[in-house]
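A quick write-up on the structure given underneath.
Values quoted throughout were computed directly from the atomic coordinates according to the rules given, and no laboratory measurement underlies them. Treat the numbers as computed from the prediction; the structure is a model and nothing was measured. Cβ: placed from backbone, ideal geometry, glycine included. Neighbour counts: every protein chain shown.
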Amino acid sequence: MTEYKLLLDDISKSFGATRANDRVTLAVRPGSVHAILGENGAGKSTLMNILYGLYRPDSGRILVDGREVEIHSPRDALDAGIGMVHQHFMLVTQLSVVENIVLGMKRLGLQLNLAAHSRALEELSQSFGFDIDPWAEVGKLSVGMQQRVEILKLLYHEADILILDEPTSVLTPGEIGPFFDLLRRLRDAGRTIILITHKLDEVMAIADRVTVMQDGKVKSELSTEEADTDMLAHLMVGREVMVRVRHPNRSPGATMLRLEKISVADARGLPALDVVSIDLRAGEVLGIAGVDGNGQAELARVIAGLVPAQSGRLLLEGVDITGAGVAERLQRFGIAYVPEDRHRDGLVLDASVAQNAVLRRYRSPPFARMGFFRPAMIRDHAQRLADSYSVRMQSVDQPIRFLSGGNQQKVILARELDGEPRVLVVAQPTKGLDVGAIEFVQSEIIAQRDRGVAVLYISTELEHLLDVADRVGVLYRGHLMDVLPAEDASAERVGLLMAGVAPQRAGAA
Amino acid sequence: MTRFLSLVFLLRGLLAVFAALLIGSVLILAAGADPLTAYGTLFQGAFLDYWGFATTLQIMSPLLLAGLAVVLPLRAGLFNIGAEGQIYIGALFATVIALYVPGLPGPLHILLCSFAGALGGALWALIPALLKAYRRINEIIVTLLLNFVALHFVSFMVGGPMMEPGAPYPYSPEIPESLFLPHLLPRTDAHAGVLVGVVIALVMFAVFHRGTFGFSLDTVARNPDAARYAGISVERHIIVAFLVAGAIAGLAGTFEVLGHRYRLFHAFSQGYGYDGIVVAFLAGLSPLLAIVSALFLAGLRAGASIMQRAVGIETTVIEAIQGLVILFVAVSLAFRYRATEVGRALRRRQEVERALDAESEERES
């Protein structure tokens, strides 16, 4: 008799210099729902990919039912009874449910008896209340139903440990309740469920136990009975030492940028920003906190002009800029944007430092004339920026790929601040930077604020946010929960808001 | 050793050609001739003989232009397999202007025909461009299939509405003599089209290396997300790349009519558009090297008929050798292709694909 259905014992995995998993131990009890909670980059996915045989751990053991198993591939994982539902489904949309499910099964024999399989499936589906027609074409099912097909597939393949990677991210709010009911029935039937998520309320609603990860390590493991959302928020985002260097601004100016009831839809058409109104004043830093994926990316992108607003208006000093494009917002209205993902949005890694330094203005004078570059102007400009921001590099002709993250971020900051912007949107500017670079970025943002720039500072790293923000707003599921003055923005209060707990006294405000 | 290997890698196009010729020599032996004499005749005929070289230049014109029409969209990670169709439609537009717009002075009329030809090719290329940019429909398949539509449409036109009365085959009436392109070498077929091709290649080289448009195309392919952030419209660049490529291919068709055949024949192109793909890849997607590779492939074609006459080998043998060259060049590209310009272009295509997916998802929402 073993106490644990699954035991990951002292797992470590490094990618280059990054320790994605650092001596992680995870013990999952049979017949339970075990949540793994953590921010993006906390190491959840690496751990699950190790469990699923996609990565090999550098060290550590995996035990299923007390027996050590070697998992080299998803096939091995399935043989050990471990199945995974990915965020992106692995289904052939043109085939029926039963065809999808028998796909890749062993011991099918020479003759495929789909009718027999469909009867067996029907039975399995009935017993858990899946409510799936085995002959339906998968592509015609809703996303929620496709997810059930994925789970049914694992059950049919006799997996009794189900790993679900952010399962609710594809569901509409109405589908979540029935989905949880289904998970409970599975648990009560003795299946073990591992739920990867960064949504606190879901952990509280469905999980029996929760392991909180941060920076590749297990921060804590506890029963949800002894936890609450506030505490989990704290564990997930908070650091042990909260150093607060306050630079409050006593005299913010007039409203620079106004968001009026802005709504933005995400890729699936669900509201990512839901009627958000913000007044951003000149000479202030408005911090936007929230657990990743609650609309922060859309907020930044809608202000920069990268995604259209579904409804609502954007006003810059009273001028309606809702219809202006990306380039116009930067060059005419002075809206600078430091994107969250340097490599995806902010830089062309194969291009030189010089080219990246003019990435957003390379077609305008003095960098180009009659459609041709003036390389000397561009190089001089880049060199000047690099000098004033002390970017460490070999030359401005070097591909920016070879600069460190901190130096890349400096190039982006230099580029965005060069045009003397009126509004600065920064998203996760300290992500992946070392302490020195963080210090530099923060003080540069303060300097811009003191120059009278209206700064919107979006970060999931609460203590960095509290270092620079004059006011703090919290986004939760696309809603702006509340905006607090910096001195009232304790980690506890912000944490509650991040967990979606509405302020009691907010009615008057 | 590594230097030697990287040299081999750089010259792999040449080596592929050499290997193809080597295997071709077996075919020549089998046909009962001496390979050395045969190849000697071929290259001497193609490049050292006045008339032969003129033929080389004449063939080089459509090859180079078609090659450039493939190189340009690949810069943005897009495959244009449709140069053949763009050549046909370009030639059709040019012929229509040449035959049915009378009373213009010669040079002006030539310009107008060229403009019409470029426009025709561009419009033909606009179809796959719009489908790609806004509906994510695979441009390779669309351009390829449109080739057949264009080929048969031209056949229909010159076999019906535009057919020369009493002609034994489907072809149009002859264009006025004032529209004949000037010749580079007197009394030969070497027309000025090849010069236009070289000029376009040089301009393209300059734009790729110094031009903001070249950088925009590069950025669209290298990182579409960053391109949007930089204020570059990915869709618009896909469309412009295809429009310009189509215009260049349209010019190739135009010059075939104005410089070489003086009428619109059905099925006149003999696959110049497809050869353009070979020109582009043999040149490693460089517009400058495209001049060299177009010259080489044109020489191979021109020399072939001379070799046939001099050494008495069946044309089928020469066609087989041409096929071998294409095959070997293709294989040489597959060899560690990930590290090459072509490999990068292929990855760029995937990048663009991904960005368009993301974009259309946003739109659909």
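Under 15 Å from a label point 7 Å along Cα→Cβ of A:Ser364: give me every residue in the range A:403-446 with its amide N that close. Label zone hits: A:415-423. Taking a sphere under 12 Å around the Cβ of A:Gly190 and counting the other residues whose Cβ falls inside, with K and R at +1 and D and E at -1, yields a net charge of +3.
Peptide A:357-364 has a mean shielding of 4, counted as Cβ atoms of other protein chains within 10 Å of each residue's Cβ.
Label separation (B:Thr316 vs A:Ser251): 9.5 nm, computed from points 7 Å beyond Cα along the C-beta direction. For the range B:217-304, the dipole from Cβ point charges (+1 on Lys and Arg, -1 on Asp and Glu) about the Cα centre works out to 180 debye, to the nearest 20.
The alpha carbons of the range A:114-199 stretch over 40, 30, 17 Å along the principal axes, in descending order.
Packing-based ranking of A:80-89, B:20-29, B:300-309 yields B:300-309, A:80-89, B:20-29, ordered from highest to lowest mean Cβ neighbour count within 10 Å. Restricting the trypsin sites (Lys or Arg not before Pro) of the range A:448-506 to loop positions (DSSP other than H, G, I, E, B) with no more than 16 neighbouring Cβ atoms within 10 Å leaves A:Arg451. At an R0 of 51 angstrom, the distance between the Cβ atoms of B:His152 and A:Leu114 translates into a FRET efficiency of 0.70.
In units of the compact-protein estimate 2.2 N^0.38 Å, the protein assembly as shown shows a Cα radius of gyration of 1.14. For the peptides A:374-386, B:161-173, A:333-345, the ranking by mean Cβ contacts within 10 Å, running from highest to lowest, is A:333-345, A:374-386, B:161-173. Based on Cα contacts under 8 Å between residues 6+ apart, the range A:6-237 shows a relative contact order of 30 percent. Over the range A:6-237, the pair-distance histogram of Cα-Cα distances with 5 Å bins from zero comes to 1, 6, 14, 18, 19, 16, 12, 7, 4, 1, 0, 0 percent, rounded to whole numbers.
Averaged over the residues of peptide A:266-276, the number of Cβ atoms from other protein chains lying within 10 Å of each residue's Cβ is 2. When a/c reaches 1.5 or more, the comparison of a/b and b/c decides; with that in mind, is the range B:37-108 rounded, prolate or oblate per its Cα gyration tensor? Oblate, since a/c reaches 1.5 and b/c is not below a/b. Dipole magnitude for chain A: about 1540 debye, using +1 per Lys or Arg Cβ and -1 per Asp or Glu Cβ, origin at the Cα centre. For B:Leu15 and A:Arg56, the FRET efficiency from 1/(1 + (r/R0)^6), where r spans their Cβ atoms and R0 equals 41 Å, is about 0.55.
A straight chain from A:Ala189 to A:Glu123 at 0.36 nm per residue would run longer than the Cα-Cα distance by 22.3 nm. Shielding by partners for peptide A:342-349, expressed as the average number of C-beta atoms from other protein chains within 10 Å of each residue's C-beta, is 5.
On the beta carbon distance between B:Gln350 and A:Trp135, with R0 = 41 Å, the FRET formula returns roughly 0.70.
Within the shell defined by Cβ-Cβ distances under 10 Å, the residues around A:Glu68 carry a net charge of 0, with Lys and Arg each +1 and Asp and Glu each -1.
Panel note: the C-alpha atoms of the range A:1-84, placed on their principal axes, show extents of 39, 25, 21 Å (largest first).
Its Kirkwood hydrodynamic radius, worked out from the mean inverse distance over all distinct Cα pairs, puts chain A at 25.1 Å.
The C-alpha atoms of the range A:356-509 occupy a region whose extents along the principal axes are 60, 32, 28 Å, arranged from largest to smallest.
Determine the alpha carbon to alpha carbon distance for each of A:Lys410/A:Lys431; A:Lys153/A:Lys217; A:Lys217/A:Lys410; A:Lys44/A:Lys217; A:Lys13/A:Lys106; A:Lys13/A:Lys217 and list only those over 20 Å. Exceeds cut-off: A:Lys153/A:Lys217; A:Lys217/A:Lys410; A:Lys13/A:Lys106.
Given axes a ≥ b ≥ c from the Cα gyration tensor, I'd like to know whether the range B:123-187 is rounded (a/c under 1.5), prolate (a/b larger than b/c) or oblate. Oblate, since a/c reaches 1.5 and b/c is not below a/b. Label-to-label distance for A:Asp10 and A:His157 is 3.1 nm, based on points extended 7 Å past Cα in the beta-carbon direction. The share of alpha-carbon pairs in the range A:349-418 lying farther apart than 15 Å comes to 44%. Using the rule -39500 (n - 2.57) for each DSSP H run of four or more residues, divided by the residues of chain A, the 222 nm mean residue ellipticity is -9000 deg cm²/dmol. Students often get this wrong: which residues of the range B:302-333 have the backbone nitrogen under 14 Å from the point 7 angstrom along Cα-to-C-beta of B:Ala267? Once the point is set 7 Å along Cα→Cβ of B:Ala267, nothing inside the range B:302-333 turns out to lie under 14 Å by backbone N. Label-to-label distance, B:Leu327 versus A:Glu420, with points set 7 angstrom from Cα along the beta-carbon direction: 6.8 nm.
All Cα-Cα separations within the range B:2-364 were binned at 20 Å from zero, giving a P(r) of 29, 56, 15, 0, each value a whole percent of the pairs.
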